[in-house]
Amino acid sequence: MTSSAWAVVRRIILFTCIVAGVVVLPGQSRPSADQIPAGWTAEQVKPIGYSDLGGHGGAFKIAIREVNNRWYLYMGHIWEPGFVIVDVTEPTNPQYLKFIPQPQDKNTWAIQMTLHDNLLLTGLELQGGGDRTKPFGEGVLLWDISDPVNPKQLSHWKTGVKGTHRNVYPGGKYAYLAASQPGFDGNILVTLDVSDARNPKVAGRWWMPGQNVAAGETPDPWGTGLHGPLVMEGTMGYVGYGPYVVVLDMADPTQPKLVGRLQMSPPFKLGTTMSVHSATKIPGKPLMFAASEAGGGGGGCTEALNFAAMIDIKDPTKPRLMSLFPVPVPPKGAPYSSFCDNGARFGPHNINHESHSPAVEKQGDLIYLTYFSAGLRIFDIKDPRMPKEVGWFIPPTPIKRYGPPSKSKLSTQTEEVAVDRRGNIYVNDRQWGLWVLRYTGPGQSTSTAQ
């Protein structure tokens, strides 16, 4: 082949690779996958891929997107303000692409992510335990991700107080924020009009009675505050609004109306937004899932009982507790008979929440729930009266500490989980990178993608 003909071939190959989203020249190959760390334990779950995220440990909330047959994860970080983008088109070979810094003070948390179509929202808030007398970023940043690898910031909406926590953008005109607001005790629900993403505006607000202290309301004796995110089905909204499980009429998103609520704490764990942390609607069924978030240190073993539960909402005006999930137990051979005795934070945390995204597996009979030192736990709720554990995965004991020095034990602390519609499970940990898992037990995804 002549040099001129070979040049033409090279240009054709390069053009084809660019269209596919991967620039690979002849003689080159995709970077090899990071080695899966040894020492993990599991039952009916297997790790198939791992990424150390280019050294950016401590990833947090996960949003998933598919564009032109390529799959991307966007993940906030707990130790540094910003987010990473990872290509997971080949789940066995996740490719760290870049870290997008959000120019905020280290007193800022930038851990929250939600997206739909070409719009990404990232939350900013005062870091947990942070100093309000020092500079910090707050509110929500809106990004154009029409180019999925090169986000462009469009705007910055601010609360005027401490920022936002678990937000959701299900597409369309409105995003729903768990936001602090002047004069209110704890975060409330803010409906944000993002139809002009360069100029977002508040379209509505809703709060639990007692939060508007500036208007003279008497605070709830048990404390209250919205963790989020709001989960929508039709014109109804479902949310954990500590210490309550709440059902809202969202027919007019600018004027939500309370339909019903169920108080979970007491007797369960108190702590405003942590008392009912995660909540979701089971699609097509009169059921909700709800769980608390375990506290730090010894977690659920040094505070009132944490819980994960099924809620009956046949009568949405009167939700009722239906069942409680079994408490995870350590694997055989562990040096302790209870996770309470391993000296690390233990209890429920996050679920596969971004179900509005077409790239995310829709909520069915499996609940994926992170449990800090107990790793990822998978529960079957086919019979909602008797949820049962059907699988679990625990990363190995960390060998490196990310973030500032701490007196707490260096331990597995599995934080977040997301599942794509191919059946790939993504989890991260405060002291590890990104794990890609597959569930191998009964009721697993019917997807053929591995």
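Bear in mind that the values in this text are calculations on the coordinates, not laboratory data. Bear in mind that the values here come from a model prediction, so they are computed numbers and not experimental data. Cβ placement follows ideal geometry from the backbone for every residue including glycine, while neighbour counts extend to all protein chains displayed.
Extension gain, V67 to K314: 0.36 nm times the residue separation minus the Cα-Cα distance gives 85.1 nm. Please give, to one decimal in nm, the separation of the simple spin-label points placed at Q263 and K388, each 7 Å out from Cα toward the Cβ. With each label point 7 Å from Cα toward Cβ, the separation is 3.6 nm. Eigen-decomposition of the gyration tensor built on the alpha-carbon atoms of the chain gives equivalent ellipsoid semi-axes of 35, 27, 22 angstrom, largest listed first.
Spin-label model, K201/T397: points 7 Å from Cα along the beta carbon direction are separated by 5.8 nm. Compactness of the range 44-146, taken as the C-alpha radius of gyration over 2.2 N^0.38 Å, stands at 1.14.
Charge dipole (Cα centre; +1 on Lys/Arg Cβ, -1 on Asp/Glu Cβ; no other charges) of the chain amounts to roughly 380 debye. The calculated P(r) of the range 311-420, using every Cα pair and 10 Å bins from 0, goes 13, 36, 33, 15, 4 in percent. Please work out whether the range 230-332 counts as rounded, prolate or oblate from its C-alpha gyration tensor, where a ≥ b ≥ c are the square roots of the eigenvalues and a/c under 1.5 means rounded, while otherwise a/b larger than b/c means prolate and anything else oblate? The shape class here is prolate.
Coupling constants for the range 50-61 follow from the phi torsions by the Karplus curve (6.51 cos²θ - 1.76 cosθ + 1.60, θ = phi - 60°), and in residue order they are 7, 9, 8, 6, x, x, 8, x, x, 5, 10, 4 Hz; glycine and proline get x. One decimal place: the segment F99-T440 gains 119.5 nm when fully extended, by the rule 0.36 nm per residue minus the C-alpha distance.
Taking W157, W222, W432 as the candidate residues, the one with maximal mean-square fluctuation in a Gaussian network model of the chain, Cα springs under 10 Å, is W222.
Ordered by the count of other Cβ atoms within 10 Å of each Cβ, fewest first, D87, D383 give D383, D87. With 30 Å as the limit on Cα-Cα distance, the pairs of K46/K382; K162/K257; K158/K257; K362/K407 that go past it are K362/K407. Neighbour counts of C-beta atoms inside 10 Å place F339, F325 in the sequence F325, F339, starting with the fewest. Give the cross-link partners of K281 among the aspartates and glutamates, using a straight C-alpha distance below 16 Å as the criterion and excluding same-chain residues fewer than 8 apart. K281 reaches E233, D249, D312, D315, E354, E361, D365, D380, D383. Here the Gaussian network model covers the chain, with springs between Cα atoms less than 10 Å apart; of G223, G284, G130, G284 fluctuates the most.
The C-alpha atoms of the chain define a longest principal axis, and helix 3-20 lies at about 10 degrees to it.
Does a label point 7 Å from the Cα of D131, set along Cα-to-beta-carbon, have any residues of the range 93-116 with amide nitrogen under 16 Å, and which are they? Correct set: 105-109.
Based on the alpha-carbon gyration tensor of the range 97-212 and its eigenvalue square roots a ≥ b ≥ c, which shape applies: rounded if a/c is under 1.5, prolate if not and a/b is larger than b/c, or oblate? Taking the square roots of the gyration eigenvalues as a ≥ b ≥ c, the range 97-212 is oblate. For the range 85-186, the set of trypsin sites (Lys or Arg not before Pro) satisfying both a DSSP loop assignment and a count of at most 10 other C-beta atoms within 10 Å is given as R132. Here the Karplus relation 6.51 cos²θ - 1.76 cosθ + 1.60, evaluated at θ = phi - 60°, turns the backbone of the range 414-430 into coupling constants of 6, 9, 10, 9, 9, 10, 8, 6, 7, x, 7, 9, 10, 10, 10, 9, 4 Hz, with x for every Gly and Pro.
Full extension of the chain between K362 and V213 gives 49.8 nm of extra length, using 0.36 nm per residue less the Cα-Cα distance. Adding -39500 (n - 2.57) for every DSSP H run of four residues or longer, then dividing by how many residues the chain holds, sets the calculated 222 nm ellipticity at -1500 deg cm²/dmol.
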